[in-house]
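One structure below.
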Amino acid sequence: MARWIDLRSDTVTRPTPAMRKAMLEAEVGDDVFGEDPTVNSLQERVAQMLGKEASLFVPSGTMANQLAIKSHTQPGDEVIIETTSHPYNFEGGGGAALSGIQFHCLKGHRGILDASQIVEAIRPEDHHFPVTRLICLENTHNRGGGAIYPIEKMREIYQVAKSKGLFVHLDGARLWNASVATGISPQEYSQWADSVSVCLSKGLGAPIGSLVAGSESFIDRVHRFRKMFGGGMRQVGMIAAAGLYALDHHLERLKQDHQNAKRLAVGLREIKGVSLDPKHVETNIVIFDVAETGKTAQQVAEAMKHHGVLIHAIGKTQIRLVTHLDVTEEDIETALKAFGEVIGRR
Ligand code: TLP
């Protein structure tokens, strides 16, 4: 069979030939000694892009979030988070296991919370209660269907946090997508968070790598815990080079992924029994429901495989599609045709 059209995630991209060349040619050193020039330049660049004093290169988005949670909190603290968020659902229970925190989950609208909900959730100063310490936000919001956190809401939440002495961490695994879609710079978003994690291995197409950014003293703590968690890497400039290449060449093109996702959403409206609102497709993620087709998400996913298209069943009747560097406009048309054959047209 010809190549798969892989719409399961934007994590599936493979490094391009030019990216591989940049990796091969990278200058390297021992990063545990702080001597890898390529890592150092990536860290400086990302800190600058996010308007923070420092940043640290880590192997994954999960480690980036978990290190941030660990560095902000003490065991027993409470972390306010949206109920469908990544750190709460998809990081192996790391918050409890690694930091001894408990999450206080709030239901958002497509992953987005209002400052007023957070005000209600902050614990009073009473020894019966856990100490509320941290608020985690996610922009764009994965399970919210790639929803963009309105910057106004982030500002209001940050102001509430500061008035109550709390920290804000932003899971910005796809902050690049939010930025390209709105024209609001990553730095403008990041001013409303004390720490930010970003990924190079999703929409930007690098094979590995994430960073955590924040103040010098915060990143110093993150650095200590990175060592403790076994995330100190050696001649890792070869990987950092892919990240630098991605920042130079793959940021602006995210617009294409967003257009492809929109096209998918509009095309899916023509498919019988599919329910989704194309207005909700703001970036590169499309989530829709197939309950009215009489099929389960798993059945649709299996049938799509026979057409060379991989998709992600995220619930009994819910499907997620993600567009990325390795999906072309033509692939979108092929996928839509396959959906038409598998499910049927209206
Ligand atoms: N998300 C992956 C899966 O884990 C679900 C995906 O396919 O979307 N924050 C957000 C918002 C993410 O979407 C992800 C990855 C992470 C953090 C974790 O990144 P990695 O996979 O590098 O640990």
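DSSP assigns beta bridges within the chain; of those with both partners inside it, close to 50 percent run antiparallel. Simple point charges give the picture: +1 on the Cβ of Lys and Arg, -1 on the Cβ of Asp and Glu, and for the stretch 17-249 a dipole about the Cα centre of about 420 debye. Let's test the formula: R0 of 45 Å, r as the Cβ-Cβ distance of Glu270 and Gln102. What FRET efficiency results, to the nearest 0.05? So the FRET efficiency works out to roughly 0.50.
Here the gap between Arg20 and Phe229, fully extended at 0.36 nm per residue and compared with their Cα-Cα distance, gives a gain of 72.4 nm.
Our estimate of slack between Gln117 and Asn40, defined as 0.36 nm per intervening residue step minus the Cα-Cα distance, is 23.8 nm. For the stretch 253-343, the tally of Lys pairs with Cα-Cα distances below 17 Å comes to 8, considering only residues 8 or more apart or on different chains. Per residue, the chain exposes 43 Å² of accessible surface when a 1.4 Å probe is rolled over the protein heavy atoms with every protein chain present. Phi-derived couplings, Karplus 6.51 cos²θ - 1.76 cosθ + 1.60 at θ = phi - 60°, listed residue by residue for the stretch 80-95: 7, 8, 6, 5, 9, 5, 5, x, 6, 9, 10, 10, x, x, x, x Hz, with x used for Gly and Pro. Amide hydrogen proximity for Glu138: with H placed 1.01 Å from N in the peptide plane, the residues at 5 or more positions away or on another chain lying under 5 Å are Asp171. Shown here for the stretch 164-254: GluC sites (Glu not before Pro) in loop regions (DSSP other than H, G, I, E, B) with at most 11 other Cβ atoms within 10 Å, namely Glu252. Taking amide hydrogens as placed 1.01 Å from N in the peptide plane, the amide H of Leu106 sits under 5 Å from those of Ile81, Glu82, Thr83, each at least 5 positions away in sequence or on another chain.
Straight distance only, please: which lysines reach the Cα of Lys52 with their own Cα at less than 23 Å, same-chain residues fewer than 8 apart left out? Partners found: Lys70, Lys153, Lys162, Lys164, Lys202, Lys227. Give me the net charge for the shell around Asn40: Cβ to Cβ below 11 angstrom, other residues only, Lys and Arg +1, Asp and Glu -1. Residues near Asn40 contribute -4 overall.
You can think of it this way: the chain between Arg346 and Val32 has 107.2 nm of extra reach, that is 0.36 nm per residue less the Cα-Cα gap.
If you rank Ser99, Ser60 by how much accessible surface each has, with a 1.4 Å probe, what is the order from largest down?
Ser60, Ser99
Look at the dipole of the chain built from charges on Cβ: of Asn89, Thr73, Tyr158, the Cα furthest out on the positive end belongs to Asn89. The helix-based estimate of mean residue ellipticity at 222 nm for the chain, built from -39,500 (n - 2.57) per DSSP H run of four or more residues and divided by its residue count, is -12000 deg cm²/dmol to the nearest 500. Of the GluC sites (Glu not before Pro) in the stretch 1-98, the ones in a loop by DSSP (not H, G, I, E or B) with at most 15 other beta carbons within 10 Å are Glu25, Glu27, Glu35, Glu53.
Please report, ordered by residue number, every helix of the chain (full DSSP H runs) that is 20 Å or longer along its axis going by C-alpha atoms and whose mean Kyte-Doolittle hydropathy reaches 0.0. Flagged H segments are 329-343. I'd like the distance between the alpha-carbon centres of the stretch 92-112 and the stretch 303-343, rounded to an integer number of Å. When both Cα centres are located, 30 Å separates them.
Karplus-based coupling profile of the stretch 112-121, in residue order and whole Hz: 9, 9, 9, 4, 5, 5, 6, 3, 4, 8, with θ = phi - 60° in 6.51 cos²θ - 1.76 cosθ + 1.60 and x standing for Gly or Pro. Ordering His223, Val274, His258 by the projection of their Cα atoms onto the charge dipole of the stretch 213-274, which places +1 on the Cβ of Lys and Arg and -1 on the Cβ of Asp and Glu, puts Val274 at the extreme positive end. The H on the amide N of Val168, modeled in the peptide plane, is under 5 Å from the matching H of Ile135, Asp194, Ser195, each at least 5 residues off or on a different chain.
The values are calculated or read from the model by the stated rules, or taken from the named source; none is laboratory data. If you're wondering where the values come from, they're calculated on a predicted model, not measured in any experiment. All Cβ positions, glycine included, derive from the backbone under ideal geometry; neighbour counts span all protein chains shown. Accessible surface areas use protein heavy atoms only, side chains included; no ligands, DNA or RNA. Shrake-Rupley method; radii C 1.70, N 1.55, O 1.52, S 1.80 Å.
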